[in-house]
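Engineer: One structure follows; several queries about it will come next.
The values are calculated or read from the model by the stated rules, or taken from the named source; none is laboratory data. Note that the structure is predicted; figures quoted are calculated from it, not measured. Because the Cβ atoms are built from the backbone with ideal geometry, glycine has one as well, and the counts that use them run over all protein chains shown. All accessible areas refer to the heavy atoms of the entire protein, side chains included, with ligands and DNA or RNA removed. Shrake-Rupley method; radii C 1.70, N 1.55, O 1.52, S 1.80 Å.
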Amino acid sequence: MTAATSGANPNGSTATGRPTRLPRSARRKQLLAAAQDVFVAQGYHSAAMDDIAERAGVSKPVLYQHFPGKLELYLALLDTHCDAFAERIRSAMAATTDNKERVRGAMRAYFDFVSHESEAYRLVFESDLRNDPAVAERVDRMERLSVEAITETIMSDTGVSRARAEVLAAGLCGAAQVSARWWLAGGRVIAQDEAEQLITTLSWRGISSFPLSGTEH
């Protein structure tokens, strides 16, 4: 009998309340989704493994089979979101040779991240566990990888030194993050596309003053 015919629900339990046996990868994904909901709603310190197990519709022993503790759950979520975000920045740099569009792509990555309905950005940018070394290391790595992706693009196109390109890249990332969070906290008074375009225009007017390699200033 399949899960569908036995009345299984998305939490992996049957209509009679008995848990179904999901593949390990599917169960892990389910537990992470439940943990994210709880962490976003309550913060790390207020969240409990009981809350996460209840949200996932599983027993605590099942939860502990996959994650030995609350911190491991949180770090797994950070790994997922930080790596995915850094990849979005890399993809924005590789998607086009139009540098203005690259800037727009970087801005869009930040705005999309903070505006996503999952509110996963709170785990990264507003964590009440930010001072934990393991958490700080993951967030710092995400920021470093994002800056590095933009740095390489600036260096290859303008010929400025790495140190200078890193400062420029960090400035772009900082402007994008702060602006996106300000826009969201302010209630999205203007449309996301317009907000992205405003910050793109501001940033592009600065970065475009650096001549491309092989051109005269």
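Engineer: Pull out all pairs, ordered by first then second residue, where Cβ-Cβ is under 8 Å, the residues are six or more apart or on different chains, the first lies in the stretch 42-56 and is at pLDDT 95 or above and of a type in the set (Val, Ile, Thr), and the second is open to solvent by less than 80 Å² (accessible area, probe 1.4 Å) and in a helix (DSSP H, G or I).
Structural biologist: Ile52/Leu31; Ile52/Ala34; Ile52/Ala35; Ile52/Val38; Ile52/Leu63; Ile52/Lys70; Ile52/Leu73
Engineer: Would you pick out the residues in the stretch 55-80 that are open to solvent by 40 Å² or more (accessible area, probe 1.4 Å), closer than 30 Å to Ile199 by Cβ and either outside any helix (DSSP H, G or I) or not β-branched (Val, Ile, Thr) (or both)? Explain how you work it out, then say what you get.
Structural biologist: Let us first name the residues in the stretch 55-80 that are open to solvent by 40 Å² or more (accessible area, probe 1.4 Å), namely 55, 59-61, 64-65, 68, 70-72, 79-80.
Keeping just the survivors that are closer than 30 Å to Ile199 by Cβ gives 79-80.
If the condition is that a residue be open to solvent by 40 Å² or more (accessible area, probe 1.4 Å), closer than 30 Å to Ile199 by Cβ and either outside any helix (DSSP H, G or I) or not β-branched (Val, Ile, Thr) (or both), then Asp79 is the only one that fits.
Engineer: Now a separate question. Mind checking whether some residue in the stretch 200-208 is over 15 Å from Val114 (Cβ atoms) and under 23 Å from the mean Cα position of the chain (by Cα)? It would help to see each step written out before you state the result.
Structural biologist: Our first condition is that a residue be over 15 Å from Val114 (Cβ atoms); within the stretch 200-208, this holds for 200-208.
If we keep only those that are under 23 Å from the mean Cα position of the chain (by Cα) too, we end up with 200, 203.
Yes, that holds for at least one residue.
Engineer: Please give the number of the condition Ile150 fails out of (1) open to solvent by 20 Å² or more (accessible area, probe 1.4 Å); (2) touching a Cys at 6+ places or on another chain (Cβ under 8 Å).
Structural biologist: (1)
Engineer: Helices (runs of 4 or more DSSP H) wholly in the stretch 117-204 with at least 1 residues that are of a type in the set (Phe, Trp, Tyr) - which ones? Steps first, answer last, please.
Structural biologist: Details: elements: 121-125, 133-158, 162-185.
So the answer is 121-125, 162-185.
Engineer: Is there a residue in the stretch 156-167 that is β-branched (Val, Ile, Thr), surrounded by 16 or more Cβ atoms within 10 Å (Cβ to Cβ) and farther than 29 Å from Ser46 by Cα? Can you show your working first?
Structural biologist: Pass one, the stretch 156-167, residues β-branched (Val, Ile, Thr): 158, 160, 167.
With the extra rule that they be surrounded by 16 or more Cβ atoms within 10 Å (Cβ to Cβ), the set shrinks to 158, 160.
Right, trim to farther than 29 Å from Ser46 by Cα and you get 158, 160.
Scanning the stretch 156-167 turns up at least one residue that is β-branched (Val, Ile, Thr), surrounded by 16 or more Cβ atoms within 10 Å (Cβ to Cβ) and farther than 29 Å from Ser46 by Cα.
Engineer: I've got another one for you. What number of residues in the stretch 146-161 are farther than 15 Å from Arg102 by Cα and at pLDDT 95 or above? If you could, list the steps in order and put the result at the bottom.
Structural biologist: Of the stretch 146-161, the ones farther than 15 Å from Arg102 by Cα are 159-161.
This time we only want the ones that are at pLDDT 95 or above, so: none.
Of the residues in the stretch 146-161, 0 are farther than 15 Å from Arg102 by Cα and at pLDDT 95 or above.
Engineer: When Val40 is evaluated against the numbered criteria (1) open to solvent by less than 40 Å² (accessible area, probe 1.4 Å); (2) assigned to a loop (DSSP other than H, G, I, E, B); (3) among the β-branched types (Val, Ile, Thr); (4) closer than 30 Å to Ala149 by Cβ, which criterion, by number, is the only one it fails?
Structural biologist: That leaves (2) as the condition not met.
Engineer: Starting from the stretch 113-138, keep only residues that are surrounded by 13 or more Cβ atoms within 10 Å (Cβ to Cβ), then list their pairs with residues that are among the basic types (Lys, Arg) whose Cβ atoms are within a distance under 7 Å, requiring at least 6 positions of separation or different chains.
Structural biologist: Val114/Arg181; Phe125/Arg181; Ala136/Arg130
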